[in-house]
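The values are calculated or read from the model by the stated rules, or taken from the named source; none is laboratory data. Predicted, not measured: the structure shown is a model, and the values here were computed from it. Here Cβ is always computed from backbone atoms with ideal geometry, including for glycine, and neighbour counts include all displayed protein chains.
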Amino acid sequence: MQNQKYASPQEIAEYLLTTEAKLANDRYHGVGLPYTKFGRKILYSWEAVEAYLEKNTVNTTKSQAGQKDQENK
């Protein structure tokens, strides 16, 4: 993550190892990362990107079982 508060689609695509076209397609379909429009410019908040990634992290069954074991101790 950068020291800036907002990032361009190019920066986010590079960070997520995807393409700007994928991000644009997600915006068109109303899915994916939250973004801000400033005039015609698209901006992504690093904070929102990190929150989205955290919220959409999938834990495997094995990982979840280990967490439950630790919680029960």
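Before moving on, here are some points about what is shown:
- Within the option set T36, T60, being closer than 14 Å to S8 by Cβ, at pLDDT 80 or above and polar (S, T, N, Q) holds for one residue only, T36.
- Residues that are exposed (fewer than 11 other Cβ atoms within 10 Å of the Cβ) and among the small types (G, A, S) were ranked within the stretch 10-56; the one that is farthest from the chain's Cα centre (by Cα) is G39.
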